[in-house]
1. Could you check how many residues of region 235-284 are open to solvent by 20 Å² or more (accessible area, probe 1.4 Å), at pLDDT below 80, closer than 24 Å to G305 by Cα and not in a strand (DSSP E or B)?
2. Among the hydrophobic types (A, V, I, L, M, F, W, C), at pLDDT 90 or above and either part of a loop (DSSP other than H, G, I, E, B) or loosely packed, with under 13 Cβ neighbours inside 10 Å (or both): does that describe L309?
3. Considering only residues of region 285-306 that are hydrophobic (A, V, I, L, M, F, W, C) and in a loop (DSSP other than H, G, I, E, B), which is surrounded by the most Cβ atoms within 10 Å (Cβ to Cβ)?
4. Out of I84, I44, I36, I27, report the one residue that is in contact with a strand residue (DSSP E or B) (Cβ under 6 Å, 6 or more places away or on another chain) and not aromatic (F, W, Y).
5. State whether one or more residues within region 154-163 are closer than 24 Å to P270 by Cβ, touching a Lys or Arg at 6+ places or on another chain (Cβ under 7 Å) and at pLDDT 60 or above.
6. Out of region 179-215, which residues are surrounded by 23 or more Cβ atoms within 10 Å (Cβ to Cβ) and in a loop (DSSP other than H, G, I, E, B)?
7. Are there any pairs, at least 6 apart or on different chains, whose C-beta atoms fall under 7 Å, with the first in region 1-15 and farther than 14 Å from S118 by Cα and the second open to solvent by less than 100 Å² (accessible area, probe 1.4 Å) and hydrophobic (A, V, I, L, M, F, W, C), and if so, which?
8. Would you be able to say whether some residue in region 129-148 is modelled with pLDDT of 90 or more, open to solvent by 10 Å² or more (accessible area, probe 1.4 Å) and part of a strand (DSSP E or B)?
Amino acid sequence: DDLPEKNVENRLNPNLSILTWNIRNGIKAKEQTGYIKSIGTPDILCLQEVDIDCMRSGNKNIALEYAEALGYKYVAFTTARVEIDEEDEKAHKAKFPNSRREVDIGRGGGVIGQAILSKFPIESIGCIKLHKLWEDYENVTQIRARVQPTTGGRVAQKTKIKIGDRTVTVYNAHFDNVSSPTGRLIQYGQVAKDAENEENPTIIVGDFNTCGHGLGNWFSEDHLYERFPYKRPVSALDPLQKTRKVGETEAEFWNRTELQTTEGKRFEDPNGYKSPTVKMGPFKGKLDWTLFEDDKFMVIDQKTGPLGLSDH
């Protein structure tokens, strides 16, 4: 409470800096906050995969640790999932010894979600619970519930932030990574539909997990997922396959279709759709987006940061 608010020179048309980052639970919080300081702490920081009281990240409140390290006055946190506790984890490992690495490194009985940190007053906080689609952490018949057992799902934060005499609405989303491109578009549609009713200038950021690459695509075949959790072949059942061009990445498809045709409001990422935010072996792709409502913002500068301080 004793931190000062940032001064605004032009109250009607203020300058604004914003950064979005999937921090992978904040395991490298010290290195990540050090990097943010080195580039100049942004006015608004949107984080995904933020732990609170999880063993893997030292049982810390990662959102508050970021706020204290970087000097943010306002913090909004939204829980997406409740992690299994240590005793349940031991039983889970005994039953499923080949579970994915997220369980193997220790989950820790806390929660994981998204955080928005701001130098300006946060007027309101909301949440959009996204459709579960293929990724259901609670359905024990699905492989996802066996390899990464939690309670909850995916969410998009919604905050209204007062900057000078203007109010900006910021959505911080984390879409389904084990769904198909169609599934992610359905989740984005929930956010876009809500944004249509916003009178304020609107920004939508986050980890969209747009990982469909060329002819390769992700789909939900449990027996294949158990063997190849990160590499899924094309699904002929995905309706999006009928409209994608041969060799077109999912990010290219989004830029060509969805972001150009959103009813009422049009959004654009100044980083474009070709700027990769993830590198896994030979794979490079754009998973992370910063979408500004067209005609409401003038982008002065933009960049994509280093890829080594998180998994993307």
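1. Count: 2.
2. For L309, the condition - among the hydrophobic types (A, V, I, L, M, F, W, C), at pLDDT 90 or above and either part of a loop (DSSP other than H, G, I, E, B) or loosely packed, with under 13 Cβ neighbours inside 10 Å (or both) - is met.
3. L287
4. Testing whether each residue is in contact with a strand residue (DSSP E or B) (Cβ under 6 Å, 6 or more places away or on another chain) and not aromatic (F, W, Y) leaves just I44.
5. No: zero hits.
6. S179, S180, F208, N209, T210, C211, G212
7. Partner pairs satisfying both residue conditions: P14/V8; P14/I163.
8. Within region 129-148 (the criterion being modelled with pLDDT of 90 or more, open to solvent by 10 Å² or more (accessible area, probe 1.4 Å) and part of a strand (DSSP E or B)), the answer is yes, since at least one residue qualifies.
The values are calculated or read from the model by the stated rules, or taken from the named source; none is laboratory data. Please read all numbers here as calculations on a predicted model, not as lab measurements. Virtual Cβ from ideal backbone geometry, glycine too; neighbours counted across all protein chains shown. These accessible areas exclude ligands, DNA and RNA; they are computed on the full protein's heavy atoms, side chains included. Shrake-Rupley method; radii C 1.70, N 1.55, O 1.52, S 1.80 Å.
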